[in-house]
Amino acid sequence: MSYSAQTVSSYTQEEFDALWNDCANEIVGKTMPIADVTECKSTVFSVMNQQPFKLKISKDNKDISYITGSIKENNHFFILSGVHGNDSTGSRAWLYDTNYWAKVKEILVANNAIAYAGEMIKNESAYNQLLKVDSLNLYPDSTFSTSNEVVVPNLFTKIDICFLHD
């Protein structure tokens, strides 16, 4: 299996749709608190393309992940959103593949980022997935931390995550 990663200037609607169909059920009303599918999809697509830093990761020449955000003044890549689809076998097991995370780190380092960070909704799929990435030591040569836990009563709890590159 071969991974590639690149920065892009934008995602097309067609590219986005291919990944959206694989992961919408984990985004709509969950990691993105918009319950209407059409509105959520439109918002995510628009927000992703507005970000200054956009990654496209492919496995065996099939796009599997789009990640967007910005590189902040502290040289942390601060993820704002992402969509993660199935690979050519119909699986998302690649989310727990060290080679995938090594490719993400490689492109971030090439763009002078010293960390992969972001604000997550605690106990939702994206946050839980990154906890598992940490517990399995999949993100190479990094120190994982959480901070700034903020409870929004009766709605959700936000928490910052960071994989600081060693």
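The values are calculated or read from the model by the stated rules, or taken from the named source; none is laboratory data. What you are looking at is a predicted structure, and each value in this text was computed from that prediction instead of being measured. Cβ coordinates were reconstructed from backbone atoms using ideal geometry, including for glycine residues, and neighbour counts include every protein chain displayed.
What to note about this one:
- Scanning the range 129-144 for residues that are more than 14 Å from the chain's Cα centre (by Cα) and among the hydroxyl-bearing types (Ser, Thr, Tyr) yields Ser135, Ser142, Thr143.
- Subset of the range 151-166 [free of Cβ contacts under 8 Å to residues at least 40 places away in the same chain and under 20 Å from Asn137 (Cα atoms)]: Asp166
- Among the residues of the range 54-104, the one identified as closer than 16 Å to Tyr116 by Cβ, in contact with a His (Cβ under 7 Å, 6 or more places away or on another chain) and assigned to a strand (DSSP E or B) is Ser65.
- All conditions in (1) in contact with a helix residue (DSSP H, G or I) (Cβ under 9 Å, 6 or more places away or on another chain); (2) closer than 22 Å to Thr157 by Cβ; (3) surrounded by fewer than 18 Cβ atoms within 10 Å (Cβ to Cβ); (4) among the polar types (S, T, N, Q) hold for Ser81, with the sole exception of (3).
- Hey, Asn123 closer than 29 Å to Pro153 by Cα, over 13 Å from the mean Cα position of the chain (by Cα), surrounded by fewer than 16 Cβ atoms within 10 Å (Cβ to Cβ) and modelled with pLDDT under 95 or not: yes
Okay, residues lined up against (1) touching a Pro at 6+ places or on another chain (Cβ under 8 Å); (2) surrounded by 15 or more Cβ atoms within 10 Å (Cβ to Cβ); (3) not in a strand (DSSP E or B):
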position: Leu108; (1), (2), (3): no, yes, yes
position: Ala113; (1), (2), (3): no, yes, yes
position: Asp134; (1), (2), (3): no, yes, yes
position: Tyr139; (1), (2), (3): no, yes, yes
position: Ser145; (1), (2), (3): no, no, no
position: Ile161; (1), (2), (3): no, yes, no
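- Filter result for Glu39 (acidic (Asp, Glu) and under 13 Å from the mean Cα position of the chain (by Cα)): no
- The one condition from (1) loosely packed, with under 15 Cβ neighbours inside 10 Å; (2) closer than 22 Å to Asn25 by Cα; (3) touching a Ser or Thr at 6+ places or on another chain (Cβ under 6 Å) that Asn128 does not meet is (3).
- Checking the stated criteria, Leu19 turns out not to satisfy the condition of being under 24 Å from Lys103 (Cβ atoms), among the aliphatic types (A, V, I, L, M), at pLDDT 95 or above and out of contact with any Lys or Arg (no Cβ under 7 Å at 6 or more places or on another chain).
- Comparison of Lys41, Lys59 shows that the only residue that is touching an Asp or Glu at 6+ places or on another chain (Cβ under 7 Å) and either among the basic types (Lys, Arg) or under 16 Å from Trp101 (Cα atoms) (or both) is Lys59.
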